[in-house]
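Report on one structure; see the data block that follows.
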Amino acid sequence: MTAAKIIINEIKGYHRFLQFMIALVVIGALASMVRFIFGLGVTTNLNDTYPWGLWISFDVVTAVPLAAGAFTLGAIVHCFHIKKLEPLVRPAIVTGFLGYSLVCIGLLLDLGQPQRGWHTMVYWNVHSPMFEVSMCVMAYTTVLFLEFLSPVCEKFGYHMPLRVLRWLEMPLVIAAASISTLHQSSLGTFFLIAVDKLHNLWYNPLLPLQFWMSAIFTGISIIILEATMVHRYLGQPDESELLEILAKILPWVLAVYLAVKVGAVAFLTHGSLFDRPGLLALFAAEVLIGVIIPMLMFMKQSNREDSRMQLRGAGMVIFGVILNRFNVSMFGMIQPDQVIYYPSVTESLVTIGIIAGHILFFVLLAKYFPIFEHHPETVDYSMPDHFHATEAHEHDQGKGVEA
Amino acid sequence: MTNHWNDLKNSDCILAIGCNPAENHPISFKWIEEAIDNGGKLIAVDPRYTRTASKSDIYAQIRPGTDIAFLGGLINYALQNNLTHEEYVREYTNAAFLVTEKYDFQDGMFCSFDDQEKTYDPKAWAYAVDGAGNPKKDMSMKDPNCVYQLLKKHFERYDVDKVCAITGTKKEDYLAVAKAFCGTGRPDKAGTILYAMGITQSTHGTQNVRAVAMLQMLLGNIGIAGGGVNALRGESNVQGSTDYGLLFHILPGYLKSPEFDNTDLKGYLEKWTPKTKDPKSANWWGNTPKYTVSLLKAWYGDNATPENDFCYSLLPKRMGNYSYGKIMEKMGKGELEGLVCMGMNPAMGGPDSGHARTALGKLKWLVTVDLWETETSIFWKRPGVNPKDIQTEVFMLPAASSVEKEGSISNSGRWAQWRYAAVQPVGESRSDLHIIDQFHKRVKALYEKQGGAFPDPITKLSWNYGNGHEPDVHLVAKEINGYFTKDMTIVDKDKTLEFKKGDQVPMFKYLQDDGSTVSGCWIYCGSYTKDGNQMARRDDGDPTGLGLYPKWSWCWPVNRRIIYNRASVNPKGEPFNPKRPLIAWDATEKKWKGDVPDGPWPPMADDKEGKYPFIMVPEGHGRLYGLDLKDGPFPEHYEPVESPAKNMLSKVQNNPVVKLPKNVSSDLGKFPFIGTTYRMTEHWQTGGMTRSLPWLVELVPDMFVEISESMARQKGIKKGDKVRVTTERGSIEGVALVTSRLKPFKVEGKMIEQVGMPWHFGYSGLATGDSGNMLTAAVGCANTNIPEFKAFLCNIEKGGKKA
Amino acid sequence: MSSADMDVTKHKTFLIDTTKCTGCRGCQVACKQWNQLKAEKTVFFSGEGYQNPPAMTEHTFTRIKFRDYEKNGQNEFAFYKEMCMHCNEPACASVCPVGAFVKSPEGPVIYNASRCIGCRFCMIACPFGIPKYEWSKAFPLVKKCTGCYSRIKEGLEPACATACPTAITYGSREEMIKEAERRLKNRPQRYFQAIYGKEEAGGTSILYLTHQPLDELGFKKVTTRPLPSYTWQALRLVPGIFLTMGGGLSLLSWFNHRKERIRQEEGFKNSKVQPEKKDEMKGDNQ
Ligand SMILES: Nc1nc2c(c(=O)[nH]1)N[C@H]1C(S)=C(S)[C@@H](COP(=O)(O)OP(=O)(O)OC[C@H]3O[C@@H](n4cnc5c(=O)[nH]c(N)nc54)[C@H](O)[C@@H]3O)O[C@H]1N2
Ligand SMILES: Nc1nc2c(c(=O)[nH]1)N[C@H]1C(S)=C(S)[C@@H](COP(=O)(O)OP(=O)(O)OC[C@H]3O[C@@H](n4cnc5c(=O)[nH]c(N)nc54)[C@H](O)[C@@H]3O)O[C@H]1N2
Ligand code: SF4
Ligand code: SF4
Ligand code: SF4
Ligand code: SF4
Ligand code: SF4
Ligand SMILES: [Mo]
């Protein structure tokens, strides 16, 4: 009773926006219950011609690159050793962790037999990109969880694990980047099987490469977007100077991506590209808004410095990647004579709930955990004195916390 | 069928006219496809482009009810182009026979028509006979009074242009059909004609069939493998039920049912036993007395003695017509007390169902014996009536289905196949045999107890099928085959055969007219012998390679798979087509090889013992010229009773011997379109068995009406729209199926549209809908009374009944 | 997934000759009967001709498609049987994360329902749109033609093939191809000169012969390369990429860290900043 009261009181103190988010999450949760009671047919507008809809297209295929900030930044900071950017890493990890957790929730909702999710670990089929992705997602979520443990430990002052985690940081970052490379690209591999279904504008053997590359610039853009937003709305420090570095990287990645994409469409597809004007328009929008314009924008120094322009450019990239993932997983798969799928209300409510959940948890985490104020040079990773007693003891402790 | 299903594979050309085997006899396509694989051609002649047409090499559209014109044109084409099988025609048909001078045909009418009674006197069409009483012949076939010349003259009028003007067939299609089918007149080619309801359901249905048979005789196609006149029969055991005397004018084995003036057995036999003086004619029906007496012995057992005419006096004698139509007419007038419907659904299946449904309400009681609740058994609560207004007491007896009981089923190819019960009857349902047995036992007990006006026909019946709960169907089958009632010694040529009392008769030539044998249906004599139940045989050996399978089940008569097979050889007994020999005379062994021949005698050329091939007619020759039909010795084209066209061949519009009911109308102002009804694979008949089965309902859930694209444009009807179809008899609703498979017919320069529909829907079962038979007219064939379901006039409007 | 090692020539194969198919739909009903599938609730006709039900579903594993049209003034009324093609190298099996679909050694592509997690990737992957889902259920599974595996295990033919009077011939793939080629050669005017399924999707255990051009009947034009190979060309790189990526990044960071350490060490030599900074940190934390 009292605990509930405390929570309610706490919530009462929240900003209206947060309360709205909570409402959306609750509605989304209720909507997902509908799915488990009445089935996917009733809950969603999915059918045999559209076995995958909003939940897969957004909650999985799009959400994964949107959560790519963690591995991208991790690699930039730790492997390419641009240490200056380290303050951005933790928020990225949090976003990533939240993102992947929600991907898992989305998947569980979407699976017919969620209770058998573990089957993927038992009944291996290495020929299945989904097997690959699910293994990766599980591995990577674990990695993200471990990375996410740092602020938690910090908050509660668990020094020992903190040290272990600090020690693990590099391996984790490298694992994160490698695993992400695999599954980000494997999401593209999903659609390589749809040889005669996915339109030529998107279908080409380099799809996995494109998915991976776009995950990288999406990750970067997400960080820009997020940092700008939290600065604006959560009163966190202005990191636009750091973001400028990212904005400098972006056009390069975009350019390479563009070259690969155009090259692939030009040289690696068979059959007509221009037979479906609607799809052509979607393709053009994706490339123009999502790639070419932001690329040109970020090539200019003044734009890179301008926080408003940073936001706009990043926004466009993100829009572009969302459109791209929908194009690949949904629009491009529609056959000429097929009726159009649109998500049902319940289905959309679940997705909205998941997005709201993401924002909500992010804000709450930011509120209760040291995420933004984290400047590693200020954290004490030295071993507290009482741990110097015995080595063995230290290890036990470490394990205990980790488990 | 003269031939059988498997034999279709032997054909070089299959003409499917007025039938739709792909849809209504799907399994037949197994053999049709085999024929096609061997290079055979398939021709489909149908008003609609059906699933059969889709498999055909040539499709010819035909206006409903104009088949005589179509077939007459083919007869003419064969004659004019010398495509007939000359030797066959001369030797085996009555082409060379001379007809009396009295015979005449003028402007659509044969001689000797009684205008008052609307009947012909067929005596005027007799053969000219010589001093010995045998028909005169001119083997050169040049005599102007010989059948061949009369035939030629009669069909001269059916030239291709005239025929196409009548039938609405495209000339090039017609010529393609003529060329392909008449090409089978060569001895080395076999052509078969498949027909069914498109041919028979007509006011001149019997003459349609005659036209089929005549064409086949002219082309030498009867009696040979891959040939024949093949009626694709309907209900799974309808062949069996006709064999056992389903129709009012025949007794089991196609013996005639006695007429009112056949007062005693002698008179009956006198009248119905055909005679010939020609020693070369087998005249098989000359055996009528043996078969009749054996039948009476089966019915009345020991009560039937020579002294009491074998109880002949207990048989009902008929006067006039007892056909379905007449029964309904009487019922409608309240002249019938009760009705037993055993596996029949008259509220749906007959013409003018509206009337039939009202008529059922005039009965005191109605018994239905069926697997399902049918439209008939719930007629008293059909839509639009108040059950309180109907006094009829209805009893529903649940019947066991075919897989729940043991017995034989005779297919179109005359094969009697024994089936075993696969499962126990559902619930309280009982086999029909059990139900009839109970009827008999209880009615007999009542008669014995209470007496009655005329109890003997029931009380004297010999009825011994065991005392068990379920009658022993093997005892029934054994009685049908027949057995000896006393010890017998029979001398057959050089053999002496000894039989004991109670022994099964091995074949019908041993049946006797003195009461020493019993046989419930002479044509099945041989089906259950001392060697056991021949119908249950399952040996798939095929020594001839023609698909005769002589040891698979049993085929009447005498296990002969293709009847009239003596016509497949020349008079010397050599096969016309040595590549496909059906039978052949082995001169050294002095016996026939191959199929069981039509009689053991040596070939026709044998002066002493040779016999003509068509053993079932007294003259032994196939009848190009018919002697005993009600509407003429030759088929003549008349329009259906409701028709958009004037008869283009004569002034006589309709078959002159058909009496028209009141509710028919050829007012094109009111009913400008041709209506026709048919069946489809997915449903069975009146629908009891299929509209109760979800898997079939899924396939065809609604009553629908097929119309052409031009009609759809003209009427603004789109696929899926509700439409209303109206005739002089009634009005029904259906969903429109617009298709290019239906096209209008060119009639007198105008395009006349057709409206096609299934007749499977009704108000009982899972899927319900309006009944096609609310529209059809109660008018039937002059000879058989089969209703004219296939051609009527109607109107169609967009919008359903409420519109 | 050893379909590559299987001898496909021995696989049980349907030869469906649409020139012989009368559209009787005996196969469609036999399939429902054998598999005890629910009847669909239908109205009128959902497609051309008498076509029903409107689509293949969890309750309908096979269906006769009707084509009812005119060509050069001639009617065409064509029927063909839609069913799982039992691909030699099935896309459905290759994408299934848990290997619920497998190509059986006898030929049919069979489904292990107890493994399936219901992800519907098989539905996306199947080039013929065959697997269907139990949309009405809270915990749905996938449904498709079983190839009547249970029957053929007992030496019977599939229910639909048994019911078919004309169009279906059933036997080893090798024999069926031979028979199809024989028919094409014997009656060239009757057949469109192609065997659908011989090469499609890398070859299937269902082969079709037609009279009409394939596209006119609505046969899908699909690639002749086995579909799993499209995915595999990328997936097979996985271990390599993983190792390269991990190794590369490790090297890179080792290199960068070394650079920094050297810089730091050099800086340490040149200035006294480092230790102070450490102090600062400590102070902050207190
Ligand atoms: N699936 C299925 N099979 C059945 C039955 C069933 O109800 N369902 N019923 C069984 C029974 S009892 C019978 S009798 C048989 C009947 O079998 P069919 O005779 O084949 O049946 P119908 O469809 O009545 O008629 C055949 C064709 O005749 C065409 N037709 C109509 N008028 C004319 C005409 O004037 N001339 C010509 N040449 N053709 C015409 C029709 O368009 C139709 O395609 O089928 C048996 N088989
Ligand atoms: N408009 C139109 N009307 C037609 C025709 C047409 O072409 N057009 N065709 C006509 C033809 S050819 C025919 S044959 C008639 C048929 O007309 P009906 O014979 O009246 O119709 P069915 O539906 O065959 O009726 C058979 C009944 O027998 C039941 N039954 C099945 N098996 C058994 C059994 O073992 N025992 C018993 N006791 N009952 C059983 C079935 O459930 C069914 O109700 O319809 C005719 N009506
Ligand atoms: S319904 Fe029965 S009798 Fe008729 S074709 Fe089919 S299997 Fe033969
Ligand atoms: S047709 Fe589709 S479901 Fe069937 S085996 Fe091939 S890929 Fe699998
Ligand atoms: S739905 Fe089931 S069978 Fe299909 S791919 Fe997923 S796990 Fe495999
Ligand atoms: S093989 Fe079996 S499951 Fe597949 S369509 Fe045929 S009957 Fe149905
Ligand atoms: S059973 Fe055979 S002939 Fe009938 S629809 Fe099916 S494939 Fe065609
Ligand atoms: Mo019939």
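The values are calculated or read from the model by the stated rules, or taken from the named source; none is laboratory data. Quick caveat: nothing in here was measured; it's all calculated off a predicted structure. Here the Cβ is made from the backbone with ideal geometry for all residues, glycine too, and neighbour counts use every protein chain on show.
What to note about this one:
- Where a residue in the range B:372-397 is part of a loop (DSSP other than H, G, I, E, B) and its partner, wherever it lies, is loosely packed, with under 15 Cβ neighbours inside 10 Å, with Cβ under 8 Å and at least six apart: B:GLN391/B:LYS364; B:THR392/B:LYS364; B:THR392/B:TRP365
- Pick from the range B:7-43, criterion out of contact with any Leu (no Cβ under 8 Å at 6 or more places or on another chain) and of a type in the set (S, T, N, Q), ranking: surrounded by the most Cβ atoms within 10 Å (Cβ to Cβ): B:SER11
- Number of positions in the range C:38-50 that are surrounded by fewer than 21 Cβ atoms within 10 Å (Cβ to Cβ), in contact with a Phe, Trp or Tyr (Cβ under 7 Å, 6 or more places away or on another chain) and facing another protein chain (nearest Cβ under 10 Å): 3
Residues are listed down the side, and each one gets a yes or a no for (1) crowded, with 18+ Cβ neighbours inside 10 Å; (2) of a type outside the set (S, T, N, Q):
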site	(1), (2)
A:ILE11	no, yes
A:VAL26	no, yes
A:VAL42	no, yes
A:ASN47	no, no
A:VAL60	yes, yes
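- Matching residues in the range A:51-110 - criterion: being of a type in the set (Ser, Thr, Tyr) and more than 14 Å from chain C (Cβ to nearest Cβ): A:THR62, A:THR95, A:TYR100, A:SER101
- Criterion: touching a helix residue (DSSP H, G or I) at 6+ places or on another chain (Cβ under 6 Å), more than 16 Å from A:ILE220 (Cβ to Cβ), of a type outside the set (Ser, Thr, Tyr) and surrounded by 17 or more Cβ atoms within 10 Å (Cβ to Cβ) - qualifying residue of A:LEU88, A:LEU98, A:LEU108: A:LEU98
- Exactly one residue out of A:LEU168, A:LEU243 is at pLDDT below 85 and either out of contact with any helix residue (DSSP H, G or I) (no Cβ under 7 Å at 6 or more places or on another chain) or more than 8 Å from chain C (Cβ to nearest Cβ) (or both): that is A:LEU168.
- Candidates B:TYR447, B:TYR465 - the one that is surrounded by 15 or more Cβ atoms within 10 Å (Cβ to Cβ) and outside any loop (DSSP other than H, G, I, E, B): B:TYR447
- Residue that is nearest to the other protein chains (Cβ to nearest Cβ) [pool: residues in the range A:124-165 that are in a loop (DSSP other than H, G, I, E, B) and at pLDDT below 85]: A:GLY157
- For the range C:170-224, filtered to residues that are at positive phi and assigned to a loop (DSSP other than H, G, I, E, B), the residue that is surrounded by the fewest Cβ atoms within 10 Å (Cβ to Cβ) is C:GLY218.
- Scan of the range A:309-354 for residues that are buried (at least 22 other Cβ atoms within 10 Å of the Cβ), within 14 Å of another protein chain (Cβ to nearest Cβ) and either within 21 Å of A:TYR257 (Cα to Cα) or among the β-branched types (Val, Ile, Thr) (or both), ordered by number: A:VAL328, A:SER329, A:GLY332
- Selection of the range B:310-328 for residues being in a helix (DSSP H, G or I) and crowded, with 17+ Cβ neighbours inside 10 Å yields B:PHE310, B:CYS311, B:TYR312, B:LEU314, B:TYR324, B:GLY325, B:ILE327, B:MET328.
- The condition (being over 23 Å from the mean Cα position of the chain (by Cα), over 25 Å from B:TRP556 (Cβ atoms) and either within 16 Å of ligand 3 (Cβ to nearest atom) or among the basic types (Lys, Arg) (or both)) is satisfied by just one residue among B:GLU33, B:GLU23: B:GLU33.
- Residue match in the range B:286-304 (condition: more than 16 Å from ligand 6 (Cβ to nearest atom) and part of a loop (DSSP other than H, G, I, E, B)): yes
- Output for the range C:27-37, where each listed residue is in contact with a helix residue (DSSP H, G or I) (Cβ under 6 Å, 6 or more places away or on another chain) and either at the interface with another protein chain (Cβ under 8 Å from one of its Cβ atoms) or more than 17 Å from C:GLU157 (Cβ to Cβ) (or both): C:VAL29, C:LYS32
This table checks each residue for (1) in contact with a Gly (Cβ under 9 Å, 6 or more places away or on another chain); (2) within 16 Å of ligand 6 (Cβ to nearest atom); (3) assigned to a helix (DSSP H, G or I); (4) within 10 Å of chain C (Cβ to nearest Cβ).
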| residue | (1), (2), (3), (4) |
| --- | --- |
| B:LYS670 | no, no, no, no |
| B:ILE674 | yes, no, no, no |
| B:GLY688 | yes, no, no, no |
| B:ASP702 | yes, no, no, yes |
| B:VAL723 | yes, no, no, no |
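- Selection of first residues in the range B:315-341 that are under 22 Å from B:SER377 (Cβ atoms) and of second residues that are among the polar types (S, T, N, Q), restricted to Cβ pairs under 6 Å at least 6 apart or on distinct chains, gives the following pairs, ordered by first then second residue: B:GLY325/B:ASN785; B:CYS341/B:THR368; B:CYS341/B:THR376.
- Set side by side, the residues B:GLU706, B:GLU639, B:GLU698, B:GLU682 differ, and just one is under 22 Å from B:THR66 (Cα atoms), within 16 Å of ligand 1 (Cβ to nearest atom) and within 11 Å of another protein chain (Cβ to nearest Cβ), which is B:GLU706.
Let's see how each residue does on (1) within 14 Å of another protein chain (Cβ to nearest Cβ); (2) among the β-branched types (Val, Ile, Thr); (3) surrounded by fewer than 24 Cβ atoms within 10 Å (Cβ to Cβ); (4) under 30 Å from B:THR739 (Cβ atoms):
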site	(1), (2), (3), (4)
B:THR50	yes, yes, no, yes
B:GLY65	no, no, no, yes
B:LEU74	no, no, no, yes
B:TYR77	no, no, yes, no
B:GLU91	no, no, yes, no
B:LEU98	no, no, yes, no
B:PHE110	no, no, yes, no
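- Complete set of residues in the range C:15-34 that are part of a loop (DSSP other than H, G, I, E, B) and under 20 Å from C:GLU216 (Cβ atoms): C:CYS21, C:THR22, C:GLY23
- Filter result (without any contact (Cβ under 8 Å) to a residue 40 or more places away in the chain and over 20 Å from B:MET348 (Cβ atoms)) within the range B:683-729: B:TRP695, B:GLU698, B:GLU709, B:ALA712, B:ARG713, B:GLN714, B:LYS718, B:LYS719, B:GLY720
- Taken over the range B:737-756, the residue count meeting the criterion of being touching a Lys or Arg at 6+ places or on another chain (Cβ under 6 Å) and part of a strand (DSSP E or B) is 3.
- Under the condition of being surrounded by fewer than 24 Cβ atoms within 10 Å (Cβ to Cβ) and either more than 7 Å from chain A (Cβ to nearest Cβ) or within 16 Å of ligand 8 (Cβ to nearest atom) (or both), the residues counted in the range C:112-129 number 5.
- Residue in the range B:662-681 that is among the charged types (D, E, K, R), away from ligand 7 (no atom under 16 Å from the Cβ), closer than 25 Å to B:TYR158 by Cα and in contact (Cβ under 8 Å) with a residue 40 or more places away in the chain present: no
- Residues of the range C:51-76 that turn out to be over 25 Å from the mean Cα position of the chain (by Cα) and within 8 Å of chain B (Cβ to nearest Cβ), as a count: 5
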